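To start, the structure under review is shown below, and the notes come after it.
Only the coordinates and a few stated rules stand behind these numbers; no lab work does. This is a predicted model, so every value here is computed, not measured. Don't worry about glycine lacking a Cβ; one is built from the backbone with ideal geometry, like all the others, and counts go over all protein chains shown.
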Amino acid sequence: MVAMKKVKTFQIVFNDPSKSFYCGGEEVCGRIEVEVNEVTRVSAVKVVVRGCAKVEYSKGKQRCRQEAEYLRHEEVLQLDGQPTDANGSVVLRPGNKYEYSFGLELPQQGKLVSSYKGKFGYVQYYVKAVMERPQQPNMECKKFFEVEEPLDVNTPDLLSPTGGMKEKKVTCMFIPDGQVSLNAKIDRCGYCEGEDICINAKFENTCSRIVVPKAAIIAKHTYQANGRTKVFRQKLSSVRGNHIISGMGDAWQGKTIRVPKIKPSMLGCNIIRVEYALMIYIHIPGSEKLILELPLVIGTAGLGSRTNSVSSTEGSVSNASQSWVSLRMPSQPPSYCDITRDCSLEQPLTPLLDDFDGDSSPIFMNVPAFTFPPSPPAYNEAEEEFNGNARMLPVC
């Protein structure tokens, strides 16, 4: 909205202010509202709808800058039915509210790119109104709107499983120190916001160090300007596994990482590209990580949503609980109130390494002393419930 001495109000209002974004083929329509404090002559009111991508960053002393235009529409709005002067200019008077309607159908899907705002560039769309006044400067106002191009991940390529394997030889002062390896797979490449990615992976460690398997969703932003390319990488969310000591391995069976609230992949822009990947890696103290990257495509329409995945998980837990209830379980065991010392085995016998991806993580274990709790009360009542055939397992 613009307010000046002679003009009280000059603004753009969309017909549906609650609409958060537009898709290709939809209509962007609204009105231009004008109110004046003094008699004002207007020779023309124009509306310009524009969409463009812009990249700008510094490369040493050089300033890299490039633009790509995806939408441009200009229209002169009719001012019929209003009083004019001898020069044909429309006369606007105080106390009245003037409205000029406009409308534009966006190009069909595939012709535009989604709105974007990044570290070194953006894609933006806006409506600009220009009021031309005789012998006075033009007045302008802008209204931005979002565009989101649909990206369906229900295609054969994106529904196919993908995976890979990597291995790395570890050295210490140029002396061989074994190797680490990983083999991972996910069931598909295409996901949407809120969905869970299930990871199946195997890790092997034959070096003398304690290693940690981890996984993260990575965003890769690529900017192109003046024949140069700049890449910006960002970690969005991550999970980690258990520490693996020398000579041991570990396996992930359906370990999940949830896709956070992010913009869909942007693959159709000439100068800005946004891609995602699932990075599965092993952190090796004192050495570079072993990294495996699996490409991801984040879309706007997919197999499910966060709500569906959460509800399905809750349903499986509920069904499991009912199946346990249906079993013939022994009566309630004796109380453990007599045990005064709390020695829960949920704490690992080996202390966790610091959750840090640098090279300063500790390498060696320090196993603490562990004291077993006193023996629990007897389970005589439980044995009677199973007619004397039950085997008693020691409880720690």
Worksheet entry | Ranking of 212, 7 by count of other Cβ atoms within 10 Å, fewest first | 7, 212
Worksheet item: Which of the trypsin sites (Lys or Arg not before Pro) found in region 28-85 are in a DSSP loop and have at most 10 neighbouring Cβ atoms, other than their own, within 10 Å?
Response: 61
Item to complete: Report the semi-axes of the equivalent ellipsoid for region 74-158 in whole Å, largest first, where each axis is √(5λ) for an eigenvalue λ of the Cα gyration tensor.
Response: 41, 16, 10
Practice prompt. For a footprinting-style exposure proxy, rank 248, 173 by other Cβ within 10 Å, fewest first.
Written response: 173, 248
Worksheet item: Taking every eigenvalue of the Cα gyration tensor of region 184-252, multiplying by 5 and rooting it, what semi-axes result, largest first, whole Å?
Response: 31, 18, 10
Item to complete: Taking the dipole about the Cα centre of region 7-145, with the C-beta of Lys and Arg at +1 and of Asp and Glu at -1, give me whichever of 58, 47, 14 is farthest to the positive side.
Response: 58
Item to complete: Neighbouring Cβ atoms within 10 Å as the yardstick, rank 243, 73 fewest first.
Response: 73, 243
Response to the item:
Note, region 125-137: 3J(HN,Hα) by Karplus (6.51, -1.76, 1.60, θ = phi - 60°), whole Hz, Gly/Pro = x, goes 10, 7, 10, 10, 9, 10, 10, 8, 10, x, 6, 9, x
Practice prompt. Within the set of other residues whose C-beta is less than 13 Å from the C-beta of residue 112, count the net charge using Lys and Arg as +1 and Asp and Glu as -1.
Written response: -3
Discussion item. Counting just the Cα atoms, what span does region 162-306 cover along each of its three principal axes? Round to the nearest Å and put the largest first.
Written reply: 48, 41, 20
Fill in: Local net charge near residue 268, Cβ-Cβ under 13 Å (Lys/Arg +1, Asp/Glu -1)
-1
Fill in: Projected area, mean over directions - region 7-145, Cα convex hull, nm²
11.1
